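Heads up, the thing below is written out as structure tokens.
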Amino acid sequence: MTIYLPTPLRRHAGGAREVEVSGSTIREVFTGLKENYPDLAAQLWDDEADDLKKYLSVFLNDENVRNLQGPDTPVGEKDEISVIPAIAGGSR
């Protein structure tokens, strides 16, 4: 399946807009990133909490996985995963 990466995270994947991964759950997909993209995995997965980083929104197709089964959400080979980091800043 494909994980689509926003511009700020692409540098952790060699500049790639998307990476191909395998796994049967969101947890397996994101922890599996450690093998080929350890820097990217460190930005996305909290090993201590065994969960996605809190500042991320992760969508499986068009559904936020936090509204599904979180990291235990099943995924299929044709699914698409999008990562959206929280953005802060600006002024009044």
In segment 1-59, what count of residues is obtained for those that are in contact with a helix residue (DSSP H, G or I) (Cβ under 8 Å, 6 or more places away or on another chain) and in a strand (DSSP E or B)? 10
Consider G70 against the criteria (1) open to solvent by 60 Å² or more (accessible area, probe 1.4 Å); (2) more than 16 Å from T2 (Cα to Cα); (3) within 12 Å of the chain's Cα centre (by Cα): it satisfies all of them except one. Which criterion is unmet? (1)
Confirm whether D50 is surrounded by 12 or more Cβ atoms within 10 Å (Cβ to Cβ) and acidic (D, E). no
In the list E63, E77, E20, which residue meets the criterion of being within 16 Å of M1 (Cα to Cα), touching a Ser or Thr at 6+ places or on another chain (Cβ under 7 Å) and surrounded by fewer than 13 Cβ atoms within 10 Å (Cβ to Cβ)? E20
Any idea which of (1) open to solvent by 70 Å² or more (accessible area, probe 1.4 Å); (2) over 12 Å from the mean Cα position of the chain (by Cα) is the one I84 doesn't satisfy? (2)
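Pick from L60, L56, L40, L52: which is modelled with pLDDT of 95 or more and either touching a strand residue (DSSP E or B) at 6+ places or on another chain (Cβ under 8 Å) or within 17 Å of V19 (Cβ to Cβ) (or both)? First the steps, then the outcome.
Numbers: L56 fails: modelled with pLDDT of 95 or more; L40 fails: modelled with pLDDT of 95 or more; L52 fails: modelled with pLDDT of 95 or more.
So the residue among L60, L56, L40, L52 that is modelled with pLDDT of 95 or more and either touching a strand residue (DSSP E or B) at 6+ places or on another chain (Cβ under 8 Å) or within 17 Å of V19 (Cβ to Cβ) (or both) is L60.
Kindly evaluate V21 against the criterion of being modelled with pLDDT of 95 or more and of a type outside the set (F, W, Y).
Details: modelled with pLDDT of 95 or more: no; of a type outside the set (F, W, Y): yes.
No: the conditions fail for V21.
The values are calculated or read from the model by the stated rules, or taken from the named source; none is laboratory data. Quick caveat, the model's predicted, so the values are computed rather than measured. Glycine also receives a Cβ, built like all others from the backbone with ideal geometry; neighbour counts cover every protein chain displayed. These area figures cover heavy atoms from the full protein model, side chains too; ligands, DNA and RNA do not enter into them. Shrake-Rupley method; radii C 1.70, N 1.55, O 1.52, S 1.80 Å.
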